[in-house]
Every structure is written in structure tokens, then in C-alpha cells.
């Protein structure tokens, strides 16, 4: 093992740069060389690959986005293209690849592993929807950004006696909605993992009003429906002064939280140490507060991310 | 002069609470009593009025929204309703009213003044669109919130080589767009105060791409058109990987900046000192960095807010 | 079980209010009454106790400090005083007490439990130094505040080629130093859990300088020595343009992070559910990402908080 | 005019990078070349000078510190050394120099101007203590950082019934103390521009306590005395549970506020436009909300920064 390649892929998540730094520095510290691959799998196939220097990693730990860029590249689903990628890796003398990204990115790593090229996946996505880990890089930052936005919206809701329906990101998963909803003291949280009853939510808001609380906050995961449609449904069940908001892309970027930086640092270093032990074909994660590495093929083919829906019940007990 | 009434009206703006505190404390400090009026003109007409204690003002200077609440109340356009409001003020022995709010709120104060009730307007709106003042309470906070959001979006734009069209608030005025656009280093800023040329903007982005800058940021004032429509126009002039975003209500609330708190404190105190000098029927403002008070009737009927469009030219010189 | 008492004690930690809210709301949701006790054990003994209403809990989830106040009260070490406290609890008909606080606060709960009064401890301290839990309420916020401060200091260190020695809080534990140090990419982290070698640190900084990195950041836990003394030692081993900084109280307060709010919500609700199951005399915690409750007497008398010193080795591999 | 040199000098201030960008971009936009000079006057004399490219300026507008670095260089007080600096400027074909910095930096520019080299000063310092301008780059950011810290400290003061004496930066000027003190609702603000009466402050705190407000906040400018000494004096006049805090270097760095970015952009662009008009030997500023340029020799030799001490009286009226 002499050279490790690093790429980021899929939607950017805050903390990806901390992971890039950790992988490269941990590799250099062990006497290996680190090669950066720009623009994800696209750059891999095109040979957009360069030797990283330690000084390039100085000052990036707190930067949002990814210094290695990302790019859409559906062509990587084709075997022929995958083999071209391996050709490039061989050409640059790269012995193993660490991929930071979400679900789609993992599938690329899975394909390379199946072709015999040693690849490791590091979970980086704001959605927290990767199997094999309790938390992904970028999730904590996204939750904090969403929570801060909900705090602001609460100020207006309170001042104007309004009900806000706020759609947060998460693709098919309700994790961002659940965590930010609890953190903001939402009256209701709506996630794809459980059916919702719009009439029950409306009744709760009406009952709150009777009890003197004349404003409301509903946090909606994008995987369920749109804020605009949910508001329409809600308005059928009460005379609310309601507004629909989509938080959108502000949840992706920005300065990563301390937790995301530490998690990314631990993930990246762990990936390198596993490679140094001769291991590979793995998905990195944190489970029950411990670093774990599971077979990337088994993890992706046989497991699913499990959202902790008990948080929904918790919120029901706390918010009224 | 014994009792001063205070109300907030129109859209909430961060710093309104700092103004409420300043008016009430400055009044108390001069031996007057301060009366809070809940829910704006609605609460005024309904007599939702209470004597404020100093302790209620402790800890509110850094709170978003308004502790006096706000409410829509189009009925206040009718003379009969206005007179009912004056009746309530008389009933509570209130000698003068300070109204914190935007354009619409000022018109209420104007009407009361015309009916002979001493009223003073303190400019509180994120839009910065009030005549008679260079800056309004809440504008600086809104600009900073928008700028932080644009910073985040820039991270994603850079990572993914995308062009983002971001719509910010401001009603008919381009001030938030101009300030946040310059602060975020936007490639183009589009405001209602000047015609825009979508082809020229597209050409600039294409030229940037030739020069190696493959991402872009366009800040659009809501008074021009929607982000979605602008994106559609833009896409006709280039093969951009573009996205449309509406920042929305997050710009309204949240912890006010130091500048908004100081401005609100100065405005509120100044209003009380003018009342103590026997003056009234005034619009408070800051002009050329000095506190000013102008006749509220003349200000509203004969003047308009002037957005500093020279900032557009500045941005053209700095962003490429 | 009809009435639950709640008190906060010891140094304030962000998220305490979220825990107060969770305990009170979860109790109310189960048909119980919640009683707030002001000023910690002092207020308990003095009978400064009041019935909480749900509306008092609205809008506190994102507020720093504690709405129940805290107070020093060394007198509570005396048995006689403890029994007076129990007298007050009986007088108000309170069946069980939930105490939010750090080490000292837990010992009060332990004493009450030994006297037969059902008490539950919820870990709330920025120091993360409570046995029986991996994380305490307030730790994540303190780490983020410290990290943001270190980011700022890094800007100046880089601009001026300086070495900063920054002392962070943590009492006898190095957790805040470790987490914020890794998050800020510190060149060295010094904690009480491991001996340090100031010459080795100086040599690393000198070697960095040779490699072109002419600035440095050392994060020092307050439990080791003062920043001023450490700087003095450091300066003996190199010609650094060094500065000593003590971050101080800014680490205690402020808006809690989403993680602290969610953790506090889970802890508080869990305490109530255990009481409803007839349990008591417990210390609440999160271990391996799962809520746990351990015997409060055994936990405090036989266990110690274990700082994860492997993070020190991680930082060595990543920072150069 | 073909080439403009840019250097930053003195203590770093947030927004300096925005000014560097504005000067360089505005110059490039006018067909000039921009040359960066690293490490202030030291780099000038040593010829650490490089041609700037537009791409280097991308993404720096929101970065704290200065990408051109700063350095102490007392040797520049000597005429011989100044002439060496001019030699270097001539060697690189630089026609005019724009210096961003505080008082000391301005004196360097003054000297170069007296030797006949066209130099312009752009005010960049957190202290706001430059003659010829109402506001300097970095002041608004420092005030906001200090205010946020004071907000946090207020949480702890309230929770623990404590009095905090918080020392903020500002060198000889009280501007940061005044603005952050008003913004945080301080009970007293102590600045070098006006004598203070520690007994009167203590009496106010004691009276507040009688009125039910049992905590306090005193904001102290570093130009007066140290927090520790002030606390000692204060404690002689009352039984306060008081704490002394020095905020320190966190006030210097960090992401600049929108206001500082816009101000820096305007200043930098204005400096270039003046040079293009054939002007020079000037100090840039903003006065009464308008960009101004005054003779740098006259400004420095005959004028002083005037702190607005009327803000002290304002605070007295509002805080009790």
C-alpha cells in the first residue's frame, strides 16, 4: 500500500472537507501518499487526479462544501465506464480508494470493490440515510441550520399568531425533520416513516388555541409531500393563518458543527487505519457510539437505514 | 404628558423589542408611564392595553419578533375605526402614541395625527423602504441572515459548478438584495429600481466559465419577479446547471444584530425625548448618520424611499 | 405519584431549559403536576416552589441559562438541612424530584435518595464529567462555542504568524479541550488525563515552521494549568510570537445546539417515564447511543467519568 | 497609472479580505494590474510582492484575517527603511499603494506620501479609532462578536444572580464597549472618554437588586483598566457575587458581518477610483453616511477620532 485515492461524490455535506483532510493526513502520517480526485467519479474516469500536499489541507476543516468538488455522473452505472475508472487508478499507482458521499456514491464504491479494486465508503450526506451507521457527516450541521431557521420562524409565528408548515430536506428519510422538529419544539413533525393524520394535527392546533397558544409550527420532511400541498390540506380543517415554507439549499452548506468535524476526522482516520491493516471493501460507520466497518456489499444489499421513529412519540409527549 | 402608548404593527422585524424597551425605559426614566398595546391597531381599537413594568423589559433586547405582537387589521383604514382607537387611548389616559412598523403602520399613525392625536412613527421593517430614514430597524439583521444563507449556497454552488438564483425579501425595494448581494460577492443583483438584461447576465456567467469560474450566484429582489421565473429566463441563454431558491421567512426573525439593537435603542429614546419637548406628529429616522425627525404627514405624502442604486455599479466592478 | 419537583443546580449549561420543559411537559402529559423549585437546593430548603403551567414552558427550549435559576448552597452537605428540604417537598405534596446538574448536584440527589426520597439525576454540565453517561447536556454547545472561538483565533494566528495557547473549560476533565481541539485542527491538545511534554510540542511547532506553516494553536484544558503559565513554559523552547488566552464564561451560556436540545428532551422525558414505572434513585444517561438509568448511589460512589483519550492520538495523526 | 500595490498592516480585522478583493478587482476592471504585498511593510521592504489574479480573490469576501498577512515592523519608522520600500515599489513598477490598516499603518502611508509616493489609507481596525471616518472595517464584526459573548454571559449572570465585569477591546477608544454595551443592555459602560464613578455603579446595582433585578453586567473598555482591577474596586462597594472576564482575541477574527463586507467593498473601490482620477495622498472614510477622502497628512496630524459619548447617556436612560 503506497497511494490512497480520495473522492467526494453526490450532494455536498458540511464536514466533507474535514474527512478529506483526515484521510489525507492520516495517510501521510503513515508514510503513504494521498491523491485527490476532482469532480467525483467523473474526474476519476477522466483522470482529473493530483497528489495532495499537507499544506493544501491547512484551514479546510471548517469550510463547507468540498474542495474536491462533486459532479453528477450517471454514466458510472455502466461496467465499461467503471473499468475505465480502475484503469485511471492503476495508471496513477493508486492502491485503494476512499469515497465520501451518500447512497449513490456508495454504489460506485461497491462496483469498484466487485471489480476487485479496494474501496472504502465514508458516509457523507445531510440526509443521514446510509445503512451501517447511526450518523452521517453533515447531518448534525444540517439539523442545526434547520433548527436555527425554525427558531427564526417561531419568532414570526408567535408575533403574528400564525401556523407555519416548514419543509426540510432528507430525501426519503425523516431524520432531519425529527431532530430539528424536536429541537424547535414543533407542534407536529411529519415524516415518511409513519402515516400522518392531517385532521388530528389541525385538531391539536385548534386545542392549543383554546388553551391560549395561538401559533403553530409543523415540520415536514420533503419525502412526504410539499409544504404547499400540506398547507392546503391543513387549511381544510381549520381557519389557520398558515404559511408554507421550503427551507431548501441553505441546509447543505456552511461551517460544519464541531460534532461533524470530529466525526469526519474519526471516520477518515479509521478508513486509513483499516487499509493499513490490509482490509478493504468496507463501509465505515458509527454504531452505538463506536466506530464500525462492515462489508460494503452486504451493507448496501441487505440493510436499510432505520430512522428512530420513537422520537415522534417523544415529541407528542412534549409539545402542546 | 404622563402616559405614552407603544404598539408594533405590520411584519415583524428583529430589533422591534429593543425599540419597545427603549421607548418604555426612556419614558419611565423621565417619570412617565409606558403602556403596551398588544396586536397593533387591532389591539388598540379593542383596548388590549396594559401598563408596562421595567422588569418585563429585562432580557428582551436580543429577542426576535415583538413581545407586543402584531396583527393584520385593514379595518383601520376607516375613519370610524380610527376614532374608536383614539377613544381607547383617551380612556387609558394615554397622551401620545409611538408606533413601530413599516409603511402601513405609519399610515395609521398619520391618520391619528390628522385626527389630532399626537403620534410618532419609528421605522421598523426589514425592507428598508420607509421615507425619511436611511435605515430601518431589522434591515441589518435581515441582510446578515440573507448573507449567511448566500454563503452557504455559495459552498454548494462551488462544489457542484452550479448557478443559483436566490430570491430575497424587500417588497418593492431592492435594498436587501443589494446589500446581501454585494456581501456575498454575487455575480449579478437584480432589483426593481433598475431594468435588467437577462442575456447580459447569462453572457457574464458564460464568460466567467471561460475564465475558469464555473459557478454563479444571482441575487434577486422579490419585487422583480420570482426565482423560478428568472431561472427559466436565464436557462434560455445558456446551458447552466441552475437552481431557483426563495429564502423566505427566515429573513424576518432571529436574534437582532448589534447595529439593529443600537439603532432601535436610539430611535426609541429619541422619540420619547421629542415628546418630552412637546413635539409630535413626527417620523423618526437616521439620515447621514444623524437622528432626524420629520413631519409624518409631509414625509409620507411627499417623499419616497430612495434605494442607493450606485451599489449596483459597484457590484459590477467587483464581481467577475 | 401525583407531583414531580424539578430543580437545576450547579453551573448553568445550555439545554437545561430544554430539560426542564421536557420533564414538566412529559409529567403533565401523563396527568401529573410539575413543580418548579427556584435557586436549586437553596430554594428547595426555603420552599421557593411553584406549580408550573404549560404556557411557561413555551419558547424556552432555545434559551441558555436556566429559568429555575441556580445558586451555591454548601449548607446542603449537612444532614439537618437535607431533611429540611424533604420537609418542604412533603409540604408541597411532591412525590419525586428530578435534579438537573453536574457532580455536586448529583450528590444532593444522592443524599435525598439515601433519606428515602425518590430522586433522579439528569446530567447537565458543560464539562461532560459525570459518571454513567457518555454525554451531558451543555457539552455539545460548549464545544461548538469553543470551536467557533478557536476558528476566529486561527484567523488571527494565520494572519500574524503567531502561536496561540487557548485555555478552555472542563474542570478536571479534558473533554471540551479534546473535542474543540480536534474540531479546530489544533497542533496540540493538552488535557489532565495524560502527561504532556512541552518540549515535544515546541519541537512540533518549530518543525511545522520549517515546513512552511508558521502559526500554531494549542488547546489547553483548564484542569492542567493556566494558559499564561503554559505559554511561559512554551517560550523557553522556541522563539514563538505566542499569546495566552482564556476563553472563560462565554462557553457556558447561549443558544443550545440542536443536539443538546434533543438530548435534554430525551433525558427529561425518560426520567418521567421511569418515575411512572415506579422506579427511582437513578442517574439518567446515554451510553452507546442508548438511554440508560443506573443506580445513583452506585454510579456516584463506584464509577468515574472516562474521557476518550484515544482522541489525543487521533489528533496527533491529523495535525501537522 | 498601470499597477496598484495593496498591503494590510497592523492588527487583523474582519473585512480586510473584502477590501483587498475590492481594490484588486476594481483595479483589474479598470484595466490596471493589482500587486499583493505580503506581511505588510516588512514584505514591502523585502520585496515579497506578487501579481494578483482574479481567481485568487474568489471566495475570500467572507473570510476573517488577511490573505496578505500582517507583521510587526517597527523598523519602518526609519527613513532609510522607508526609502527601501519605495525602491521595491519602483522595481515592481507599482504606481500607487493602498494600505489597509489602523493608526500605525496609516503613518507608514503618510511617510511614503511625504517621500512623494502616492499612497492611500483604507481604515481597517476593530477599534474604530481612525480620524477621518465614522466607521472602520472590522468594527461592526467586533461589536457583534462582543455582543454575542455578552448575551451568553447574561444567561449565566441571570441564572446565578451574578455581576459580570467584561473587558472588551478598543485600545484607547471606547467605541466597542459603547456599542456592545448598549446592544447587550449593560447596566454600566466604562470608557476612557469619560471618568467613571465606581461607587455610583455599585449603588445602581444595589438599587436594581432592591427592585428585583439581582444580576448585573458592566462592559469595560480595555483603555480604562483591567477587568480584574475594576472588579476589585467594585467589590469594595457591595457584596456582589462578581466575576471578571476579558473577552480577548475572539473579537478580532471570524466571518465578517454584511456591513463590514459592504463597507470594505465601497472603501476599496473608492480608493481605486480616486487613483484613476489622478488623486492620491488620501485617507478614505465614511462620514455622515457618505464616502469621503481627506488629505492623509492633514487627517493624521490635525485630527482625532471622536467617540460618540452621547451613547453613554443613552445607556443610562435605558438600563435599570
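Within 10 Å of each Cβ of C:259-265, how many other protein chain Cβ atoms are there on average?
Details: counts 9, 1, 9, 11, 1, 2, 9.
The mean count of partner-chain Cβ atoms within 10 Å per residue comes to 6.
Scaled to the compact-protein estimate 2.2 N^0.38 Å, what is the alpha-carbon radius of gyration of region B:180-320, rounded to two decimal places?
Taking the Cα Rg and dividing by 2.2 N^0.38 Å, one obtains 1.41.
At a 10 Å Cβ-Cβ cut-off, how would you order A:28, A:16, fewest neighbours first? Don't skip to the end; give the middle numbers.
Working: A:28 20, A:16 34.
So the ranking, lowest neighbour count to highest, is A:28, A:16.
Assign one of three labels to chain D, namely rounded, prolate or oblate, based on the Cα gyration tensor with a ≥ b ≥ c the square roots of its eigenvalues; rounded applies when a/c is under 1.5, prolate when it is not and a/b is larger than b/c, and oblate otherwise. Show your work: numbers first, answer last.
On the way: a/c = 2.55, a/b = 2.33, b/c = 1.10.
Since a/c reaches 1.5 and a/b is larger than b/c, the shape of chain D is classed as prolate.
Of the residues A:271, A:77, A:13, which exhibits the maximal mean-square fluctuation in a Gaussian network model of chain A defined by a 10 Å Cα contact cut-off?
Largest GNM mean-square fluctuation: A:77.
Classify the protein assembly as shown: rounded, prolate or oblate, from the alpha-carbon gyration tensor (a ≥ b ≥ c, eigenvalue square roots; a/c under 1.5 rounded; otherwise prolate if a/b is larger than b/c)?
Working: a/c = 1.30, a/b = 1.04, b/c = 1.25.
Because its axes are fairly even, with a/c under 1.5, the protein assembly as shown counts as rounded.
Count, for each residue of A:243-251, the Cβ atoms from other chains sitting within 10 Å of its Cβ, then give me the mean as a whole number.
Numbers: counts 2, 1, 5, 3, 6, 11, 12, 13, 2.
For peptide A:243-251, the averaged partner shielding equals 6.
Using Cα-Cα distances under 8 Å and only pairs 6 or more residues apart, what relative contact order does region D:27-143 have, in percent?
Details: 146 pairs, mean separation 21.0, N = 117.
The value is 18 percent.
Provide an ascending nm list, one decimal, of label-point separations from residue A:91 to the equivalent residue in each further copy; define each label point as 7 Å from Cα along Cα→Cβ.
Shortest to longest, the spacings are 4.3, 8.4, 8.4 nm.
With viscosity set to 0.890 mPa s at 25 °C, what whole-number translational diffusion coefficient in µm²/s follows for region D:142-252 from Stokes-Einstein and a Kirkwood radius over Cα pairs?
Calculated translational D: 181 µm²/s.
Taking every DSSP beta bridge that has both residues in chain A, what percent is antiparallel when rounded to the nearest 5? Intermediate results must be reported in sequence, preceding the final value.
On the way: 9 of 41 bridges.
Around 20 percent antiparallel, to the nearest 5.
By DSSP, what percent of the beta bridges with both residues in the protein assembly as shown are antiparallel, rounded to the nearest 5? Don't skip to the answer; put the middle values down first.
Working: 36 of 164 bridges.
Around 20 percent antiparallel, to the nearest 5.
To the nearest Å, what is the center-to-center distance of region A:1-54 and region A:141-194, using C-alpha atoms only?
Going from one Cα centre to the other spans 34 Å.
Work out the FRET efficiency for residue A:226 and residue B:194 from their Cβ-Cβ distance, taking R0 = 35 Å, and round it to the nearest 0.05. Let's see the in-between values first.
Details: r = 34 Å, r/R0 = 0.96.
In this case the efficiency is close to 0.55.
For the Cα atoms of chain C, what angle does the longest principal axis make with the long axis of helix C:258-276, in degrees from 0 to 90, nearest 10?
30
Compute the helix-to-body angle for B:103-114: its Cα long axis versus the longest principal axis of chain B, expressed 0 to 90° and rounded to tens.
The angle comes out at about 30 degrees.
What ranking do B:4, C:100 get, fewest neighbouring Cβ atoms within 10 angstrom at the top?
On the way: B:4 27, C:100 37.
Ranking B:4, C:100 by Cβ neighbours within 10 Å, fewest first, gives B:4, C:100.
Please work out the FRET efficiency for the pair residue C:55 and residue B:114, using the Cβ-Cβ distance as r and a Förster radius of 41 Å; give the result to the nearest 0.05.
On the way: r = 40 Å, r/R0 = 0.97.
Result of the calculation: an efficiency of 0.55.
7 Å along Cα→Cβ for the label point: how many nanometres lie between residue D:30 and each equivalent label in the other copies, listed shortest first?
Its label point is 4.8, 5.5, 7.3 nm from the equivalent points in the other copies.
Can you name the residue in chain B whose Cβ lies closest to the B-to-C rotation axis, and give that gap in whole Å?
B:255, 4
Looking only at B:159, B:242, B:70, which one moves most when chain B is put into a Gaussian network model with springs between Cα atoms under 10 Å?
With Cα springs under 10 Å in chain B, the top fluctuation among B:159, B:242, B:70 is at B:159.
Quick check on the exposure proxy: order B:141, D:294 from fewest to most C-beta atoms within 10 angstrom.
Working: B:141 27, D:294 20.
Fewest-to-most Cβ neighbours within 10 Å comes out as D:294, B:141.
Label region C:28-68 by shape, choosing from rounded, prolate and oblate, from the square roots a ≥ b ≥ c of the eigenvalues of the Cα gyration tensor; if a/c is under 1.5 it is rounded, and otherwise prolate applies when a/b is larger than b/c, oblate when it is not. Before the final figure, lay out the partial values.
Values: a/c = 2.79, a/b = 1.21, b/c = 2.30.
Oblate, since a/c reaches 1.5 and b/c is not below a/b.
Using a 10 Å cut-off on Cβ atoms, rank the peptides B:191-197, B:256-262 from the highest mean neighbour count down.
Details: B:191-197: 15.9, B:256-262: 28.6.
Taking the mean over residues of other Cβ atoms within 10 Å, the ranking is B:256-262, B:191-197.
Put a label point 7 Å from Cα along the Cβ direction on residue B:287, then list its distances to the equivalent points in the other copies in nm, shortest first.
Inter-copy label distances (nm, one decimal, shortest first): 2.0, 7.1, 7.1.
Calculated FRET efficiency, residue B:276 and residue B:46, Cβ-Cβ r, R0 25 Å, to nearest 0.05?
Values: r = 29 Å, r/R0 = 1.15.
The computed FRET efficiency comes out at 0.30.
Nearest 10 degrees is fine. How inclined is helix B:16-29 to the longest principal axis of chain B, computing both from alpha carbons?
Helix B:16-29 sits roughly 30 degrees off the main axis of chain B.
Before rounding to the nearest 500, sum -39500 (n - 2.57) across all DSSP H runs of length at least 4 in chain A and divide by the residue total; then give [θ] at 222 nm in deg cm²/dmol.
Details: 11 runs with 134 residues, N = 320.
Taken over chain A, the calculation gives -13000 deg cm²/dmol.
How high is the relative contact order of chain D, in percent, with contacts defined as C-alpha pairs under 8 Å that are six or more residues apart?
Working: 714 pairs, mean separation 73.9, N = 320.
This gives 23 percent for chain D.
Calculate the radius of gyration of the Cα atoms of region B:121-204 to one decimal place, then report Dmax, the largest Cα-Cα distance, as a whole number, both in Å.
Computed over the Cα atoms of region B:121-204, radius of gyration and Dmax are 14.0, 47 Å.
Return the average number of partner chain Cβ atoms within 10 angstrom of each residue Cβ along peptide A:144-151. Walk me through the numbers before you get to the answer.
Numbers: counts 6, 5, 1, 9, 9, 8, 3, 10.
Neighbouring Cβ atoms belonging to other protein chains average 6 per residue here.
Please build a GNM for chain C, connecting alpha carbons under 10 Å apart, and tell me which residue among C:308, C:175, C:288 fluctuates the most.
Result for chain C, Cα springs under 10 Å: C:288 fluctuates most.
Relative to the compact-globule scaling 2.2 N^0.38 Å, provide the ratio for the alpha-carbon radius of gyration of region A:18-154. Provide the component values of the computation, followed by the final result.
On the way: Rg = 16.2 Å, N = 137, 2.2 N^0.38 = 14.3 Å.
Relative to the rule-of-thumb radius for its length, region A:18-154 sits at 1.13.
Any read-out appearing in this document is the output of simple, stated calculations on the displayed coordinates, not a laboratory observation. Bear in mind that the values here come from a model prediction, so they are computed numbers and not experimental data. Positions of Cβ are backbone-derived with ideal geometry, glycine not excepted, and every protein chain shown enters the neighbour counts.
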